[in-house]
Amino acid sequence: MTTLLVAIGSFVGFIIAYHTYGRWLARKIFGLDKDAIVPSQQLRDNVDFVPTKKEVIFGHHFTSIAGTGPIVGPAIAVFWGWLPALIWVVLGSIFIGAVHDFGALVVSLRNRGQTVGEVAGRLIAPRARVLFLLILFFSLTIVLAIFGLVIASIFKMYPESVLSVWIAMPVAIGVGFWVYRCGGNLLIPSLLALGALYGAVWTGVYVMPIELNVSNPIIVWTLLLMVYCFIASVLPVWVLLQPRDFINSHQLVVALVLLVAGLGVAGLTGKADLVASAPAIAETLPSHAPPIWPFLFITIACGACSGFHCLVSSGTTSKQIANEDDAQYVAYGSMLLEGALAVLVILACCAGLGMGVTTEEGTSLVGREAWLSRYSAEGTWDSFKLGDKVGAFVDGGANFLTALAIPQELAVGIIAVLVACFAATTLDTATRLQRYVIQELAGTFRMTPMTNKYAATGLAVGLGLMVAMIPAKSGAAVGTGGLILWPLFGATNQLLAGLAFMVTVFYLWRRNKPIWFAAIPMVIMVVMPAWALMWQMFNDATGWFWPLAAMAKGDEAWAWANTHLLFAVGLTTFGLQIWMVVEAINMFARAKGVLEEGLPPLPSDSQNVIAGVGADARSC
């Protein structure tokens, strides 16, 4: 019963927060105006700027910010116990993450869809723009690497998921052309596409699982995913991104309904017991595991607060919002729904996993033994594997579905496809955003070849692939460093959230608006990840600057290629952040009540050009 009460209490809290705190932000702080001219109308080109119904853009926004972030983070963090993870997810989503996403979207909407990095140059200081873009560059490189590894791991562990994930791409393209070129209805074809997706799940489970018979499938899958990202990221948003995300939003609704229904049945019947299955607060931890304080705040990122979300809000979503009044629904609502997903992940990795697993030796485990099979304190932190943690959610979530009489193998396929599809949306959205960042940096530093979208995208996926190939330890295969990269992703990602809060604070400060609700989270999201990053860089036992274990074994070459690379990225990001904070402090007192420099006027013929593009895009 505890399992069910935790879920209900969390979900009710999110609903109340949306209609109270979220409404206060929308009306009293940001003053959303349904009659305001938004970037998607002002700059419409039907490639990046496309006015979109709020239901469709909600699907894109949610699936882009969610990905595997609210799955992987909680799935790792419960090794400290389920209670700290739960508290951070619920309170973080309501008071930090949703405010962060909402603020970034509104600021971008009122600056012609510019990214928070671009806006920082006018709100804080000109140098802040370049500093922010450089931080984005390093952060997105890690995002591409880690999410590519997650999907590749899913494909390796659950070959039944491969067919459904790949078949969703051409189906989505067909839906996109039907809707935007021929003016067709979106809902019915997207529901048919959803049916095809689940048909492919059944086929993958019972007829045609796709498994690569190579020595290291992680490398092959990651390479193929980066090729896909290149193609998807240079296409107009209406061709693949919007219809695929809308279809995935339907899939999410179905999966969440199944998970909640299964959790309810399992909780009422006593099959799922959160308290008996996992410790509320773990008493013993793996050797060399990072401390809960401050690492909880960077391990669970997307489920509570994530800097990557500001890139989606200001990078793609702000260019598609058709009405400023939709911002609360899309940004604040999406973050709360992501928080609800993270709660389900915590319960699945604890109570769901405790319903039973089968080991490689064929032994059936239930209760605390099942949880310990994935989260045992024996061994070292290096022995933890990213795929196993994602697999904990897949297996635990599938156990919830079996309470609804869904066969175990089909349930596993459904949850595995859910994880892989959402990770794919984040992966190619991140590639598109990285392309924007590289083009902006190239323009700033006059590197003309890199302003080309194909060259910029190629550099983005190439760097992401290179980082993804980092081995976990000396002698390990390339592409195994997921748990090494995840703390770096968390730290740089959360530092980015703090800087995005800084942009929102300056936007409000210049307009004499209250800032306390954003300033407090800003301090938290600057201090906690900086603290964690310093620990990772300089911890004398396992830190990136002092890889003593590797040195003691004579593995100096590996230590340099692996931990020192992470140290360089971490130190560079940390230095850029400190520089930007200094810039903000110098400007803060002078900025109060002083509006920033306005944007330059649009070309006089821009509206005619935009109207012509819009007309062509609807012809069939």
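Of all the numbered requirements in (1) touching an Asp or Glu at 6+ places or on another chain (Cβ under 6 Å); (2) at pLDDT below 90; (3) surrounded by fewer than 22 Cβ atoms within 10 Å (Cβ to Cβ), P209 misses one, and that requirement is (2). The residue that is farthest from L86 (Cα to Cα), among those in region 1-31 that are of a type in the set (G, A, S) and assigned to a helix (DSSP H, G or I), is A26.
Annotation note: Cβ proximity below 9 Å between a residue of region 293-322 that is free of Cβ contacts under 8 Å to residues at least 60 places away in the same chain and a residue that is surrounded by fewer than 24 Cβ atoms within 10 Å (Cβ to Cβ) (sequence gap 6+ or interchain) occurs for W293/M528; W293/W531.
Checked against (1) of a type in the set (V, I, T); (2) at pLDDT 90 or above; (3) under 21 Å from W80 (Cβ atoms), T380 passes all but a single condition, namely (2). Within region 32-63, the set of residues being farther than 21 Å from G22 by Cα and in a helix (DSSP H, G or I) comprises P39, S40, Q41, Q42. The residues in region 64-86 that are in a loop (DSSP other than H, G, I, E, B) and in contact with a Leu (Cβ under 8 Å, 6 or more places away or on another chain) can be counted, and the count is 1. Among all positions in region 109-116, there is at least one residue which is in contact with a helix residue (DSSP H, G or I) (Cβ under 9 Å, 6 or more places away or on another chain), of a type in the set (A, V, I, L, M, F, W, C) and under 15 Å from E596 (Cβ atoms). Among residues of region 189-200 that are closer than 15 Å to F177 by Cα, those with a beta-carbon under 8 Å from a residue that is surrounded by 16 or more Cβ atoms within 10 Å (Cβ to Cβ) and of a type in the set (V, I, T) at least six positions away or on a different chain give the pairs P189/V175; P189/V179; S190/V175; S190/I247; A193/V171; A193/V175; A193/I247.
Just one residue in the set I188, I146, I154 is of a type in the set (V, I, T), farther than 21 Å from H250 by Cβ and in a helix (DSSP H, G or I); that residue is I146.
Restricting attention to region 293-302, does a residue exist that is surrounded by fewer than 21 Cβ atoms within 10 Å (Cβ to Cβ) and in contact with a helix residue (DSSP H, G or I) (Cβ under 9 Å, 6 or more places away or on another chain)? Looking through region 293-302, at least one residue is surrounded by fewer than 21 Cβ atoms within 10 Å (Cβ to Cβ) and in contact with a helix residue (DSSP H, G or I) (Cβ under 9 Å, 6 or more places away or on another chain).
G92 meets all of the listed conditions (1) in a helix (DSSP H, G or I); (2) modelled with pLDDT of 90 or more; (3) touching a Leu at 6+ places or on another chain (Cβ under 8 Å) but one, namely (3).
Selection of first residues in region 252-271 that are at negative phi and of second residues that are in a helix (DSSP H, G or I) and of a type in the set (K, R), restricted to Cβ pairs under 8 Å at least 6 apart or on distinct chains, gives an empty result.
Being modelled with pLDDT of 90 or more and under 30 Å from R368 (Cβ atoms): is that true of F102 here? Against the criterion (modelled with pLDDT of 90 or more and under 30 Å from R368 (Cβ atoms)), F102 does not qualify. Which of the residues belonging to region 214-261 are hydroxyl-bearing (S, T, Y) and either assigned to a helix (DSSP H, G or I) or modelled with pLDDT of 95 or more (or both)? Selection gives T222, Y228, S233, S249. Restricting attention to region 438-470, the residues that are assigned to a helix (DSSP H, G or I), within 26 Å of the chain's Cα centre (by Cα) and over 19 Å from G117 (Cα atoms) total 12. Scanning region 398-417 for residues that are farther than 29 Å from L459 by Cα, out of contact with any Leu (no Cβ under 6 Å at 6 or more places or on another chain) and in a helix (DSSP H, G or I) gives A398, N399, T402, Q408, E409, L410, V412, G413, I414, I415, A416. For region 152-185, what are the residues that are more than 13 Å from L240 (Cα to Cα), among the aliphatic types (A, V, I, L, M) and more than 22 Å from the chain's Cα centre (by Cα)? Once the filter is applied, which keeps residues that are more than 13 Å from L240 (Cα to Cα), among the aliphatic types (A, V, I, L, M) and more than 22 Å from the chain's Cα centre (by Cα), region 152-185 yields only L163.
The residues on offer are W535, W531, W544, and the sole one that is within 26 Å of the chain's Cα centre (by Cα), assigned to a loop (DSSP other than H, G, I, E, B) and modelled with pLDDT under 95 is W544.
The set of residues in region 91-106 that are under 15 Å from V343 (Cβ atoms) and surrounded by 24 or more Cβ atoms within 10 Å (Cβ to Cβ) comprises G92, S93, G97, A98.
Across region 155-196, the qualifying residues are those that are in contact with a Phe, Trp or Tyr (Cβ under 7 Å, 6 or more places away or on another chain) and small (G, A, S), and the one among them that is surrounded by the most Cβ atoms within 10 Å (Cβ to Cβ) is S161. With over 24 Å from the mean Cα position of the chain (by Cα) and buried (at least 22 other Cβ atoms within 10 Å of the Cβ) as the only criterion, which of S233, S277, S287 stands out? From the options S233, S277, S287, the qualifying one is S277. The residues in region 480-519 that are in a helix (DSSP H, G or I), closer than 15 Å to I124 by Cα and not aliphatic (A, V, I, L, M) can be counted, and the count is 6. The number of residues in region 17-39 that are within 26 Å of the chain's Cα centre (by Cα) and among the β-branched types (V, I, T) comes to 2. On the basis of being surrounded by fewer than 16 Cβ atoms within 10 Å (Cβ to Cβ) and either without any contact (Cβ under 8 Å) to a residue 12 or more places away in the chain or more than 28 Å from L372 (Cβ to Cβ) (or both), does A36 make the cut? In short, yes.
The values are calculated or read from the model by the stated rules, or taken from the named source; none is laboratory data. Worth saying up front: this structure is predicted, and the values here are computed from it rather than measured. FYI the Cβ positions are ideal-geometry reconstructions off the backbone, even for glycines, and counts take in every protein chain you see.
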